[in-house]
Every structure is written in structure tokens, then in C-alpha cells.
Amino acid sequence: MPTILKQEHTEMQFAINYVNEVFELVQKRNPYESEFHQAVKEVFDSLIPVLARNPIYIEQNILERMVEPERVISFKVPWVDDHGAVKVNRGFRVQFNSAIGPYKGGIRFHPSVNASIVKFLGFEQIFKNSLTGQPIGGGKGGSDFDPKGKSDGEIMRFTQSFMSELSKYIGPDVDVPAGDIGVGAREIGFMFGQYKKIRGGYVAGVLTGKGLQYGGSLGRTEATGYGTVYFVEEMLKDKGLSFKGRTVVVSGSGNVSIYAIEKAQQLGAKVVACSDSSGYIYDKQGINLETVKHLKEVEKKRIRDYVNKHPHAQYFEGCQGIWSIPCEIALPCATQNEIDEISANMLVSNGVVAIGEGANMPSTLDAMRVFLDRKILFGPAKAVNAGGVAVSALEMAQNSMRLSWTFEEVDAKLQEIMKNIYRNSMNAALEYEAVDNLVVGANIAGFKKVADAMIAQGVV
């Protein structure tokens, strides 16, 4: 073997050994946290060529430093329901990495929330926030509280209790939470009011996703869904394709899903299915978005009620079957690991052309391998759904300047950010000989900025 090839082989093997050692340590230190392991594994596999070519990252032990959160906060959240009964939930905030800016990431209220879920989301947020080009670090939070079926009074009392503890650890230049699953405008409003009361004054920049009346940004509601479609649009353009005339399936029917459907329809697509945690609807004539919006945003009803207003549509119990519907573009916008290997193979067999992950880590590692091996255009979550946090950062900027931009200004900035994320991810993939692999590209592009900042700041 020529000397230069032997050296490259040695460097690559050294990088592989380092990655394996750190991943084993992650599993040992964080037992039973399968979602966190999955998120780390997906990133680590992409970084081997970067580590081989840049040994300083190994010398500085960047991976081990990056997988250990700077701070993990777990706290009790007591509250009183409408019947006077005292309830207790658990709250979390993981402040993962502040190398490039204050911690930034949503708060999720859902029964599934635990340390593993919050850590996987916070770890992903490091790279997602880096990709936006905005000066924000990675964090995430939440609680196992379930807002479904709760009155406004119960939700207010819970969120006030939650914020009473969280307020000790956040601030405009320290940690700026936002919404996520189960946390919308209502919950953000209650938390903002409680923070204001505790701090004794108005502090606009402590939360994003606020109402327009008290420091929120136009375009924030639409940002994650619109951003998802803007990214996929760029991915399609590079192959001479577009949304126009395409059949699309979008999972979920929350904020991200609704606005992904809206933008896809505006670009000429026919969206035929969406879902909630109970089941999914199939409307071969095309989803009537106004009906979905009214059901979910006004009436707070289940997606099954769609067929009452559109009897030609079909409702099916259970969520998994939505991926059996033939489509050319799939936008998983519901939750983590909703597409497994079986569903991925079904989508491919039915002619899917492109996947855009609007939710956080909605495809299992096996499903991702199916898409990549079959050369399906695949946009990973940390790149595709970065629009929400990007506009959150724009909201922070407006708060700092005491300005409010128009919807058109915010939307134009969002489109430019999503185009840059796509282009930077593609260029990173090309540089490291992984052409068209946006998983590798997004991981590398997001990692290098944070890793370089960590090295510049010393061992802290």
C-alpha cells in the first residue's frame, strides 16, 4: 500500500476507534436512554471523515465534550386541578451547548417526555441552531404533563408552577425557550406572564413564540411548516423537480403540519392525508385545509371529525397506516420514530420521490438507511425543520431592537435561511465525498461551527 494511502487508512481507523469509544461511553453513562443514543449515533456516523481529516477534534476530545450537557435541570411541578386535587408532574430543562450563543430550544408538554427525550431533542438542537447561521446554542425542555382534556384554568396553574422553577435558569442572554408539542400560544402566554410577575417587569426576549401583542413575531406560527417546504423545494429544484402537481402525505395536524400543508398547496401540490395521535384521514380530492384548521385550532377536535364535513374522505384508526398511502412527497411532521423500516420500504415501493422531516427525528435509523440506499431525496430533521428556531432567533433580534418586521420581511429572511441551510449541507456532503447525502452534510456543517467555537474558547 502506498504511504499516503496507508496514512489515510490509519487516520480513518483512528477516527472510527475514537467514535466507537465515545459512543460506548455515552451508552454507559446514559443507560436506557434509547432516543438519546439514536440521535448521537446518527451524528457520530457522519463525522468519521471529518475527524480523520481534522485530528484536532480528536485531540481536543470534542465529541465527549459535546455529548455531555452543560447543565441538566429536573424539577417538581405541583399544581391543583379544577376539583381541588393536588397533582405533581416532572419538569426538565437541558442546557446542552452554549458555544455559539445562549441556549435556544422549545418546551414540550407530553406524557412521553423524560430525560432521554429531552436530551435527544437538546442534542439535535445544537446542530440545528448552528445550521441556521444565527448566534444560538442548543437546549430543550418540557414536562410529562398532558394538556389534552385539561381546562384553561388547569393549564394556567400548571404552566405558572412550571415557570416558577424554570425562571431561575433562563433569561434573554442565557436561555430562551419556545414552544413545541403541547406548548402553543396559550401556554407561552401563561409562562410569559408568570415570568414577568416573578422578575417584576417586562422582559420581551426571555421566550419566543409570543403573541403579537406583547413582542411576538409575524411569521413565527408558520415558520416550521413553511421552512420544511422551502427546504424540500430547494432539494427538488436541484433535480429539476417541484411540488407542482405532486401528491403529498403530511403526518400530524398540529402547527407544523398545518402550515406545511398550506405552503405545499400554495406551490401546487395535492395533499391527500394528515393525522393526529388517534388516526389519519385520506381525502383523494385533496385535504381541505380550512376544515383542518377549524377542527384543530378553533374547535379543538380530533381529525376523525373531518369526515363529518367531507363524507367522501376516509378515516382510519391508528397512525402508522398513513405511510401506506401512495405519494410522491412525504412530510413526517408528527413525532419521533414515526417512520420505521417497514413504512420506509412501503413508501419507496409506492413511488415516493422525496422525504422532508418536519418533526424531530421522525425516521428510525433503519428507515433512513432505506431512503439513502434507494437514492430517495432525503432531508433530515435538523436541517428541514430549522425554520421554527430560525424565526425564533429573528424574534429575539426584533425584541432586542424594539422593532417589528412585516410578515413579508420575516418570510423572505426565512426563505433565505432555508436555502442557505440546504446549500451549506450539500457543500459539506460534497467536500467529504458523500454527494447528495444531506444527513452527512447537515451533521458536518452544523458540527464544525460549534466544534471550532469550542476549541477557540478553551476547555470550559
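Things worth noting here:
- Hey, V72 under 24 Å from the mean Cα position of the chain (by Cα) and either surrounded by fewer than 24 Cβ atoms within 10 Å (Cβ to Cβ) or of a type in the set (S, T, Y) (or both) or not: yes
- Selection within the stretch 220-253 - surrounded by fewer than 24 Cβ atoms within 10 Å (Cβ to Cβ) and assigned to a loop (DSSP other than H, G, I, E, B): D238, K239, G240, L241, S242, F243, K244, G245, R246
- Taking the listed residues Y169, Y195, the one that is farther than 26 Å from G441 by Cβ, of a type outside the set (V, I, T), touching a Leu at 6+ places or on another chain (Cβ under 8 Å) and at pLDDT 95 or above is Y195, with no other qualifying.
- Qualifying residue in the stretch 364-372 (condition: surrounded by fewer than 16 Cβ atoms within 10 Å (Cβ to Cβ), within 25 Å of S116 (Cα to Cα) and acidic (D, E)): yes
- If only residues of the stretch 142-158 that are in a loop (DSSP other than H, G, I, E, B) and out of contact with any strand residue (DSSP E or B) (no Cβ under 9 Å at 6 or more places or on another chain) are counted, the one that is surrounded by the most Cβ atoms within 10 Å (Cβ to Cβ) is K150.
- Pick from the stretch 254-272, criterion in contact (Cβ under 8 Å) with a residue 40 or more places away in the chain and within 21 Å of the chain's Cα centre (by Cα), ranking: surrounded by the most Cβ atoms within 10 Å (Cβ to Cβ): A260
- Any pair with Cβ under 8 angstrom, 6 or more apart, that starts in the stretch 95-113 at a residue that is in the same structural domain as G138 (by TED's automatic domain parsing) and among the small types (G, A, S) and ends at one that is surrounded by fewer than 24 Cβ atoms within 10 Å (Cβ to Cβ) and in a loop (DSSP other than H, G, I, E, B): S98/E70; A99/Q457; G101/Q134; G101/P135; S112/D144
- Qualifying residue in the stretch 383-398 (condition: in contact with an Asp or Glu (Cβ under 7 Å, 6 or more places away or on another chain), within 21 Å of V256 (Cα to Cα) and either buried (at least 21 other Cβ atoms within 10 Å of the Cβ) or among the acidic types (D, E) (or both)): yes
- When the stretch 39-72 is limited to residues that are touching a strand residue (DSSP E or B) at 6+ places or on another chain (Cβ under 8 Å) and of a type in the set (A, V, I, L, M, F, W, C), the one that is farthest from P380 (Cα to Cα) turns out to be V72.
- Matching option when the condition is among the aromatic types (F, W, Y) and over 22 Å from the mean Cα position of the chain (by Cα), among Y432, Y422: Y432
- Count of residues meeting criterion [of a type outside the set (V, I, T), outside any loop (DSSP other than H, G, I, E, B) and touching a strand residue (DSSP E or B) at 6+ places or on another chain (Cβ under 8 Å)] in the stretch 256-288: 11
- Those residues of the stretch 159-184 which are part of a loop (DSSP other than H, G, I, E, B) and surrounded by 15 or more Cβ atoms within 10 Å (Cβ to Cβ), in sequence order: S167, Y169, I170, P172, I181, G182, G184
- When the residues of the stretch 419-460 are filtered to those that are of a type in the set (A, V, I, L, M) and outside any helix (DSSP H, G or I), the one that is farthest from E70 (Cα to Cα) is V435.
- One residue from V206, V249 being at pLDDT 95 or above and more than 21 Å from R108 (Cα to Cα): V249
- Meets criteria (out of contact with any Asp or Glu (no Cβ under 6 Å at 6 or more places or on another chain) and among the small types (G, A, S)) for S116: no
- Residue pairs whose Cβ atoms lie under 7 Å apart, separated by 6 or more positions or on different chains, with the first residue in the stretch 54-82 and within 21 Å of F96 (Cα to Cα) and the second part of a helix (DSSP H, G or I) and basic (K, R), are P69/K119.
The values are calculated or read from the model by the stated rules, or taken from the named source; none is laboratory data. Note that the structure is predicted; figures quoted are calculated from it, not measured. Here Cβ is always computed from backbone atoms with ideal geometry, including for glycine, and neighbour counts include all displayed protein chains.
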